[in-house]
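Encoded as structure tokens, the structure appears first; notes follow it.
Since every read-out is calculated from the coordinates, none of them should be taken as a lab result. What you see is a predicted model, and the numbers here were worked out from it, not measured in a lab. Every residue, glycine as well, gets a Cβ built from its backbone with ideal geometry; the counts of neighbours run over all protein chains shown.
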Amino acid sequence: MPHKKFPYYPIFLDVEDHDVVIVGGGAVCTRKAETMMRYGANVTVVAPDVTEEIAGWAESGKINLRRKEYEDGDLDGASIVIASTDDECVNGRVARDCRRRKIPVNVVDVTHLCEFIVPAIVDKGSVHLAISTGGKSPALARTLKEDLQKLVGPEYSELNDLLGSLRPSAKKALPTDADRKRFFDGILARGVLQMLRDGKRDEAHETIARACEEAGVEFPARAK
């Protein structure tokens, strides 16, 4: 087997309606549960003691809560597991049990026990940027996140939504991947991102509409 050049393979997962088990009930697990709920996961928290937020979510039916010590059976049906307890032995057991069951596991801030790590996320509407230092420096990842938050404005999300709305009609009008690549690259080359950044929304839409007309691609009414 060749030596790995990179420790982790970057990937975006759709966790909607997937069962995610979080072992631990402190502040870190609260943040992890909140994030997983935001992305539509079915969250189960396993811990004898939990924060007020976790207890409140459980009472309102937003998550499942098992107020108990961790057991191997708590992993039944789990697609993803996250562990962050104050007991290293429990964290280690969770990691071993997950590996035996072939369930991806993240033990927060214990890289050698992780099968996946969670990146710092820059959320700009429909555009998400994930940042990882391979678990070596969370502080640097946070710094990169702060820098990108300033660099990437709302115009990226707006343009992403506009271009996304063109994909169905572009697939009908332009038969090959190369044709579609030229079409979308051509739109970007016309400077529409800068137009949106400068608040020239009508000009940007008109520019995209002209590109569509030239290529025989329908410009959706909802994008006008």
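Nearest 10 degrees is fine. How inclined is helix 154-173 to the longest principal axis of the chain, computing both from alpha carbons?
With both axes taken from Cα atoms, the answer is about 70 degrees.
Grab the Cα-Cα distance for Arg31 and Glu59, subtract it from 0.36 nm times how many residues apart they are, and report the gain in nm with one decimal. It would help to have the intermediate numbers written out before the result.
On the way: separation 28, 0.36 × 28 = 10.08 nm, distance 1.75 nm.
Net length gain for the segment: 8.3 nm.
If each residue of separation counts as 0.36 nm, what is the full-extension length gain between Glu218 and Lys145 once their alpha-carbon separation is subtracted? Don't skip to the end; give the middle numbers.
Values: separation 73, 0.36 × 73 = 26.28 nm, distance 3.70 nm.
Extra length available between Glu218 and Lys145 comes to 22.6 nm.
As an exercise, identify the GluC sites (Glu not before Pro) in the stretch 39-89 lying in DSSP coil whose Cβ has no more than 15 other Cβ atoms within 10 Å.
Numbers: sites: Glu52, Glu53, Glu59, Glu69, Glu71, Glu88; in loops: Glu69, Glu71.
Of the GluC sites (Glu not before Pro), the ones in loops of the stretch 39-89 whose Cβ has at most 15 other Cβ atoms within 10 Å are Glu69, Glu71.
Report the dimensions of the stretch 154-223 along its three principal axes from the alpha-carbon atoms, largest first, rounded to Å.
Dimensions of the stretch 154-223 along the principal axes of its Cα atoms: 34, 23, 20 Å.
Please check: in the Gaussian network model of the chain (C-alpha springs, under 10 Å), which one of Ala27, Ala41, Ala189 has the largest mean-square fluctuation.
With Cα springs under 10 Å in the chain, the top fluctuation among Ala27, Ala41, Ala189 is at Ala189.
Mind pulling the per residue volume of the convex hull built on the Cα atoms of the stretch 8-133? Å³ is fine.
Numbers: hull volume 14.0 nm³, N = 126.
Dividing the Cα hull volume of the stretch 8-133 by its residue count gives 111 Å³.
Taking the Cα centre of the stretch 154-223 as the origin and placing charges on Cβ (Lys, Arg +1; Asp, Glu -1), which of Phe219, Ala173, Pro154 is farthest toward the positive end of the dipole?
So the residue we want is Ala173.
Enter the angle in degrees (range 0 to 90, nearest 10) between the Cα long axis of helix 27-38 and the first principal axis of the Cα atoms of the chain, meaning the one along which they spread out most.
That helix lies at roughly 40 degrees to the long axis.
Roughly how tilted is helix 201-215, in degrees to the nearest 10 and between 0 and 90, from the longest Cα axis of the chain?
With both axes taken from Cα atoms, the answer is about 70 degrees.
Quickly work out the Arg100-to-Glu16 label distance, labels modelled 7 Å from Cα along the C-beta direction, and quote it in nm with one decimal.
Modelled inter-label distance: 3.5 nm.
Given the options Ile22, Ile208, Ile103, which has the most mean-square fluctuation in a GNM of the chain, springs set between C-alpha atoms less than 10 angstrom apart?
Ile208
Taking the Cα centre as origin and putting +1 on Lys and Arg beta-carbons and -1 on Asp and Glu beta-carbons, what dipole magnitude results for the stretch 1-118, to the nearest 20 debye?
On the way: 15 positive and 20 negative charges, 114 e Å.
For this selection, approximately 540 debye.
Take the alpha carbon atoms of the chain, find their radius of gyration, then divide it by 2.2 N^0.38 Å using N residues; give the quotient. If you can, show how the numbers build up before the last one.
Numbers: Rg = 22.3 Å, N = 224, 2.2 N^0.38 = 17.2 Å.
In units of the 2.2 N^0.38 Å rule of thumb, it is 1.30.
What does the convex hull of the Cα atoms of the stretch 87-219 come to per residue, in Å³, rounded to a whole number? Intermediate values should be presented prior to the final figure.
On the way: hull volume 20.1 nm³, N = 133.
Cα-based convex hull of the stretch 87-219, divided per residue, equals 151 Å³.
Provide the per-residue ³J(HN,Hα) series for the stretch 41-48, in order, calculated from phi with Karplus coefficients 6.51, -1.76, 1.60 and θ = phi - 60°, each as a whole number of Hz, with x at glycine and proline positions.
Per-residue couplings from phi come out as 6, 8, 9, 10, 9, 10, 5, x Hz.
Count the DSSP beta bridges whose two residues both fall in the chain, then state the antiparallel fraction as a percent rounded to the nearest 5. The partial results should precede the final answer.
Working: 5 of 20 bridges.
Within the chain, antiparallel bridges account for around 25 percent of the total.
Mind scanning Lys124/Lys145; Lys68/Lys102; Lys32/Lys62 and naming the pairs with a C-alpha gap bigger than 18 Å? Don't jump to the answer; show the numbers that get you there.
Details: Lys124/Lys145 12 Å; Lys68/Lys102 24 Å; Lys32/Lys62 14 Å.
The pairs that break the limit, which is 18 Å between Cα atoms, are Lys68/Lys102.
Quick check: convex hull of the Cα atoms in the stretch 109-161, volume per residue, rounded to a whole Å³? Show your work: numbers first, answer last.
Details: hull volume 3.7 nm³, N = 53.
Here the figure is 70 Å³ per residue.
State the extension gain, in nm to one decimal, for the chain segment bounded by Lys68 and Ser137, taking 0.36 nm per residue of separation less the distance between their alpha-carbons. Each step should come with its number before you reach the end.
Details: separation 69, 0.36 × 69 = 24.84 nm, distance 3.29 nm.
Result for the pair: 21.6 nm of gain on full extension.
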